[in-house]
Amino acid sequence: MNESDISVRIGFVLLPQFAMGAFAAFADLLGLLDAQTDTPGPCAWEVVADTLIPVRSASGIQVVPTDLLGDPLRFGYIVVAGGPLSPAADASPALLAWLRQAARGGRHLVGLCNGVHALAGAGVLAGYRLCVGGDQYRDFTDRFPAIAPERIVTDRLSVFDRRRITCAGGAAVTDVAVRILRRHLPEADVCRALRCLQIDAAGGQGGQIQPPPPGVPVESPPALRRAALVIEQYAGQIPGLGDLADRLGLSPRQLQRLFRQHLDTTPQAYARAVRLRQAAWMLRHTDKSIAAIASDCGFSDAAHMARVFRVEHGMAPGAWRREQKENTV
């Protein structure tokens, strides 16, 4: 096969503590597509980094980069594979500059798991919708306050927006890989590779939902799970009942019925519980003032939060914070 016969070129960047499953979801598919031919296959890919030091995954397995960063324009897609937790440190300046060069060259940039942090740190997500794992949402918005909350998606597992693709991880990474490969390769080849991996060949259609928050059954209707995830994301400025229902393609009455039937509560009461839970977390884990926490969590003022908090916890926020700190000493 000539160089001109290669249909898709992918450069992988593996961040420290990356999720091996996310990387393997791509690599397994690419390897099987190559194995289906007697000559080098239609995909070319390599792992690149700013050094050739092995990168340790979250599982402890290390992967040695095959090349230095070099010219990013030799790839059609650059996949930044991160891990399941918020990154402990920012990506290196060299990598961030390399990602900016790739963006200027019109390349597709893919962020898997916390790889979205690296893309945001490089400043290549401005004006794009992006997917962030629900557990990383607060940390992400604290690190990148310039990214508007309405552009961040936490109720879906992946987002394709022009030349930016972001995925929260898990099984959805395979979905992302399939959607990309179907753009460039014959459908029959992709389906054969999926069958070899025992994966439904009808996959790659997108729309998967992130795992629901605590207290919301995983078997509950998708619309309810999405509603709960949106409420968790916008705890400080939760959309009104009508706006939330519109976002989900439901009427307000249908949305209320879902919450009542499956959670024995109302959307408003669920939202209030989310605000209280996040306020309690911030009281325990941050040094923010009670007034600042009240504002962040969507209460009208500190007195309003104190009234609601006392009903739930039996004491004022300040006293509860002191008690929690004493119990951790």
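The values are calculated or read from the model by the stated rules, or taken from the named source; none is laboratory data. Because the structure is a prediction, the values reported are computed rather than measured. Ideal geometry is used to build each Cβ from the backbone, glycine not excepted, and the neighbour counts take in all protein chains shown. In case anyone asks, the SASA skips ligands and DNA or RNA and just uses the protein heavy atoms, side chains included. Shrake-Rupley method; radii C 1.70, N 1.55, O 1.52, S 1.80 Å.
Per residue, region 205-329 exposes an accessible area of 54 Å² to a 1.4 Å probe, with every protein chain left in place.
The share of accessible area on region 27-137 that comes from carbon and sulfur is 57 percent, using a 1.4 angstrom probe. Towards the positive end of the charge dipole of the chain, with charges on Cβ (+1 Lys, Arg; -1 Asp, Glu), say which of Ile209, Pro222, Gly76 has the farthest Cα. Towards the positive end, the residue furthest out is Pro222. The Rg/Rh ratio for the chain is 1.03, where Rg is the radius of gyration of the alpha carbons and Rh is the Kirkwood radius.
Normalised by 2.2 N^0.38 Å, where N is the number of residues, the alpha-carbon radius of gyration of region 1-120 equals 1.04. The distance from the alpha carbon centre of region 124-143 to that of region 212-262 is 20 Å, rounded to a whole number.
Modelled this way, with points 7 Å down the Cα-to-C-beta line, the labels at Ala148 and Trp281 are 2.5 nm from one another. For the residues His108, His117, His285, His184, a 1.4 Å probe over the protein chains yields an accessible-area ranking, largest first, of His285, His184, His108, His117. Can you give me the % of accessible surface on region 261-329 that is carbon or sulfur? Probe 1.4 Å, all protein chains present, nothing else counted. Here it works out to 50 percent. Surface exposure of region 79-164, expressed per residue as accessible area with a 1.4 Å probe, stands at 41 Å².
Tell me the relative contact order for the chain as a rounded percent, counting alpha carbon contacts under 8 Å between residues six or more apart. Relative CO of the chain lands at 12 percent.
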